[in-house]
Amino acid sequence: KAGVTQTPRYLIKTRGQQVTLSCSPISGHRSVSWYQQTPGQGLQFLFEYFSETQRNKGNFPGRFSGRQFSNSRSEMNVSTLELGDSALYLCASSLESGALGGNTIYFGEGSWLTVV
Amino acid sequence: EDQVTQSPEALRLQEGESSSLNCSYTVSGLRGLFWYRQDPGKGPEFLFTLYSAGEEKEKERLKATLTKKESFLHITAPKPEDSATYLCAVQGTKAAGNKLTFGGGTRVLVKP
């Protein structure tokens, strides 16, 4: 069974540019979440999509956006890149969203973004 | 707001030297407490989910336990391949969807 797939794995962008990252969840999973991981702040929640709707959003500026397609694949976009956006961006998938009993959440290998 | 604190930040062990990692949490209502293992340059690998106080789960040399305020990850007779960063996260009832709040992690180094 294929895991969560993220592309690209590594990329370098210049300040002011924009970037789009892609995530394919585990087959059958309908929830996709995005996280930013940096040495200083650790893992921070960006947003979650479920059935093509944004379910929840973290405390990030509007430059960070995302969407989900009908096949549950998701993309996140960062516009007007800043040096501080350099991070590992992780995608996580789960069968359902917000289940009272909790959901097992699986992460991809991440996309390493370096802004120069 | 949900909060998670992990201690210690780093742990150096000799092979075979058992130890415990702590995860203290504050959450309005707990839907689940998650443990992940993360190797350098890779994404977090799911280990356990605990749902209620008193619950315990085991996998190979790892055992996770949960109380109303904290969780412990016990590593029994660790091997060098257990070296990794261990992450704890909570999912609270006030957070919509699947949002996880993570602690800062514990970096574990097991020396042969």
Looking only at aspartates and glutamates whose Cα falls under 19 Å of B:LYS57's and that sit 8 or more positions away or on another chain, we get B:GLU45, B:GLU70, B:ASP82
Residues with beta-carbon under 11 Å from that of B:GLY97, excluding B:GLY97: net charge, scoring Lys, Arg +1 and Asp, Glu -1?
+2
Ratio Rg/Rh [Cα only; Rh per Kirkwood] for chain B:
0.97
Using a cut-off of 19 Å between alpha-carbon atoms, which lysines can reach A:LYS57, once sequence neighbours fewer than 8 places away in the same chain are excluded?
B:LYS94, B:LYS99
Gaussian network model of chain B, Cα within-10 Å springs - most flexible of B:GLN14, B:GLN38, B:GLN91:
B:GLN14
Give me the Debye-computed log₁₀ of I(q)/I(0) at q = 0.16 Å⁻¹ for the protein assembly as shown, equal point scatterers on Cα only, no solvent, two decimals.
-1.11
Label-point separation in nm, A:GLN41 to B:GLU55, each point 7 Å along Cα→Cβ
3.0 nm
For peptide B:38-46, what's the mean number of Cβ atoms from other chains within 10 Å of each residue's Cβ?
6
Beta bridges by DSSP in the protein assembly as shown, antiparallel share as percent, to the nearest 5
90 percent
So, by mean Cβ neighbours within 10 angstrom, what's the order for B:62-73, B:26-37 with the highest one leading?
B:26-37, B:62-73
Return an integer: the convex hull volume of the alpha-carbon atoms of chain A, in Å³ per residue.
99 Å³
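Computed from the coordinates by the stated procedures, all read-outs in this text should not be read as laboratory data. Source: prediction; values computed, not measured. Cβ sites come from the backbone with ideal geometry, for glycine too, and all protein chains shown count toward neighbours.
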